[in-house]
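The values are calculated or read from the model by the stated rules, or taken from the named source; none is laboratory data. The structure presented is a predicted model; accordingly, all values stated were derived computationally and were not measured. Don't worry about glycine lacking a Cβ; one is built from the backbone with ideal geometry, like all the others, and counts go over all protein chains shown.
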Amino acid sequence: MKKRKNIEFIDESQERSELKRIGSLKELLGGSLLTREKVVRQLPYILFLTLLAFIYIGNRYHAEKQVRKNSELQEEVKELRAKAITTSAELMSLSQQSQVIKLIRKKNLGLEQSVTPPKKIVVQSKED
């Protein structure tokens, strides 16, 4: 008999807690929960937490935007670095003496390669 009473007592307490949950859900949906004094006292804290949540969301959005921009810029740097290396290699090959002579002959500029070496000009000062 005792066990049966305990089981009935447990069932009744579970029913009461379910009714309290349903009741608080009705209060929440109905708006009467928001007019209670406990909730009104906590309103500044709730507003502060809401503000923090908005700041957190905005900060995360801004950080993700910066990360995307950073990765795009890194890709652009890689492309520009490759282009710079290619351009400098082309310039080096075009500035070789043999390539310059070929271009002069190809364009018929009438220039010829000097066979005499350059001479160093020495400037003497008036003090000597």
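Considering (1) modelled with pLDDT under 90; (2) part of a helix (DSSP H, G or I), the lone condition that residue 110 does not fulfil carries the number (2). Tallying residues that are surrounded by 10 or more Cβ atoms within 10 Å (Cβ to Cβ) and either part of a loop (DSSP other than H, G, I, E, B) or in contact with a Ser or Thr (Cβ under 7 Å, 6 or more places away or on another chain) (or both) within the stretch 69-107 yields 2. Using the structure shown, decide if residue 33 is assigned to a helix (DSSP H, G or I), touching an Asp or Glu at 6+ places or on another chain (Cβ under 7 Å), surrounded by 10 or more Cβ atoms within 10 Å (Cβ to Cβ) and at pLDDT below 95. Yes.
Remark: residue 42 falls outside the filter, which requires a residue to be modelled with pLDDT under 90, surrounded by 10 or more Cβ atoms within 10 Å (Cβ to Cβ), within 30 Å of residue 114 (Cβ to Cβ) and among the polar types (S, T, N, Q).
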